[in-house]
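See below for the structure under consideration.
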Amino acid sequence: MKKVIPRAIRTTLLQLESATKVEISQHLDISFPTVSKVIAQMEREGEVYESGLDDSSGGRRAQRYTYNPDYMLGLALFLEEDKTVSTIFNCVGEVKEKGIEQVMVQDDLDSLTELIKKNITAYPKINSIAIGVPGAVDNGRIFYIPSYERFHNIDLKAYYEKVFTIPVVVENDMNAAVLGFHHMNKREENQSLVYVYSGKNGPGAGILLNGDVVRGSTFFTGEVSFVPLYDDRNFFQALKERAGKNVGKVRFSREHEIQAMGRLIASFVAIINPHTVIFSKEEMDEIILKNIAIEAAQYVPKEHLPRLVLSNWKEDYLNGLQYLALEHMITNN
């Protein structure tokens, strides 16, 4: 219970931007003396600060309080081939630092551990970590991750929470990307979204329905590589001709690529009928999207096709990880 009330006050101040003790007491239905005691403690620790007097209502003007956004920081990072992309941010999402490190994480955890340790040393107020991986994740345990064999069956969440004693969330790259897009595009609220990306580690998809990521009974949702689009080829095999093993390094352009993507979109329409399907600007352009829509319309009625839109995959990915880290930062500390 010692953490419950400070956590509730923290959330309230971040939502309201500033509030008096009376407003906090009424908002949370917690007694005024309890709120006063906890606010005093949080003020001594630098978590909240006085931000001016309230407008007068005839009596003594009440003191307003604001949450210190730099009291806690978060770290979000994701693995991609021979580099790690990271961002450090405060409680309101303001980015303090972005970085790209050339780190060979395929071999073992040591290089990734050292990178995290370096960030925590530079920013001791880091209180939450979100790690994105190009693989399937079950509550922090990675169980399918092509090209990163040493990470297979590792409970990355439990491992790093033990090493750093900081809340950690581990998320699939496409789940994080669709979350990031959703939270940066409020018009998509309560809509069904699919984010498709070929990527450097093979194609994947993130699926979000009514604001919630769809993970499936064994957390394998979105592994679209295995969708059997043809008698003799699945989706990954249909795209593999694009650039050998370097799927995702070139734009979609050839006829067989557009055919495969059109069939995949038609499959999504028939199964979940999404409002929007998002693609990476690195892989697509508006002309290609139009051709994909034409191809998909050969298999499902045109009026049921989703909007096909372009976005910045890396930004969406980091924004999704940042959102997850912020949730853990605010609720687990």
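For the structure I just gave you, tell me whether Phe143 is under 13 Å from the mean Cα position of the chain (by Cα) and of a type in the set (Phe, Trp, Tyr).
Answer is no for this residue.
Taking Ala62 and the conditions (1) open to solvent by less than 50 Å² (accessible area, probe 1.4 Å); (2) at pLDDT 90 or above, which numbered condition does it fall short on, given that it satisfies the others?
Failed condition: (2).
Being of a type in the set (Gly, Ala, Ser) and surrounded by fewer than 18 Cβ atoms within 10 Å (Cβ to Cβ): is that true of Ser147 here?
Judged against the criteria, Ser147 is a match.
Of all the residues that make up the range 1-48, how many are in contact (Cβ under 8 Å) with a residue 24 or more places away in the chain and over 32 Å from the mean Cα position of the chain (by Cα)?
7
For the range 283-323, name all the residues that are open to solvent by 30 Å² or more (accessible area, probe 1.4 Å), in contact with a helix residue (DSSP H, G or I) (Cβ under 9 Å, 6 or more places away or on another chain) and in a strand (DSSP E or B).
Leu308, Leu310
Please work out which one of (1) open to solvent by 30 Å² or more (accessible area, probe 1.4 Å); (2) within 19 Å of Phe268 (Cβ to Cβ); (3) touching a Gly at 6+ places or on another chain (Cβ under 8 Å) is the condition Gln191 fails and give its number.
(3)
Which condition breaks for Asp55 when tested against (1) acidic (Asp, Glu); (2) closer than 26 Å to Pro167 by Cα; (3) open to solvent by 70 Å² or more (accessible area, probe 1.4 Å)?
Result: Asp55 fails condition (2) only.
Find the residue count for the range 172-220, including only residues that are polar (S, T, N, Q) and closer than 14 Å to Val277 by Cα.
5
Does Leu115 satisfy the criteria of being open to solvent by 20 Å² or more (accessible area, probe 1.4 Å), of a type in the set (A, V, I, L, M), touching a residue at least 24 places away in the same chain (Cβ under 8 Å) and more than 23 Å from Thr331 (Cα to Cα)?
No, not satisfied.
Please determine, by comparing only the residues of the range 159-188 that are open to solvent by 50 Å² or more (accessible area, probe 1.4 Å) and among the hydrophobic types (A, V, I, L, M, F, W, C), which one is nearest to the chain's Cα centre (by Cα).
Met184
Here's the yes/no breakdown for (1) surrounded by 21 or more Cβ atoms within 10 Å (Cβ to Cβ); (2) touching a residue at least 60 places away in the same chain (Cβ under 8 Å):
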site: Gln102; (1), (2): no, no
site: Ser111; (1), (2): no, no
site: Pro124; (1), (2): no, no
site: Ile129; (1), (2): yes, yes
site: Pro134; (1), (2): yes, yes
site: Gly140; (1), (2): no, no
site: Phe143; (1), (2): no, yes
site: His152; (1), (2): no, no
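Quick check on my filter: what residues within the range 18-51 are open to solvent by 70 Å² or more (accessible area, probe 1.4 Å) and closer than 20 Å to Asn332 by Cα?
Matches in the range 18-51: Gln41, Glu45.
Would you tally the residues in the range 70-96 being open to solvent by 30 Å² or more (accessible area, probe 1.4 Å) and without any contact (Cβ under 8 Å) to a residue 60 or more places away in the chain?
7
The values are calculated or read from the model by the stated rules, or taken from the named source; none is laboratory data. Keep in mind it's a predicted model, so treat the numbers as computed, not measured. Every residue, glycine among them, receives a Cβ derived from its backbone with ideal geometry; neighbour counts consider all protein chains shown. When the accessible area is computed, the model is the full protein with side chains, heavy atoms only, and any ligands, DNA or RNA have been set aside. Shrake-Rupley method; radii C 1.70, N 1.55, O 1.52, S 1.80 Å.
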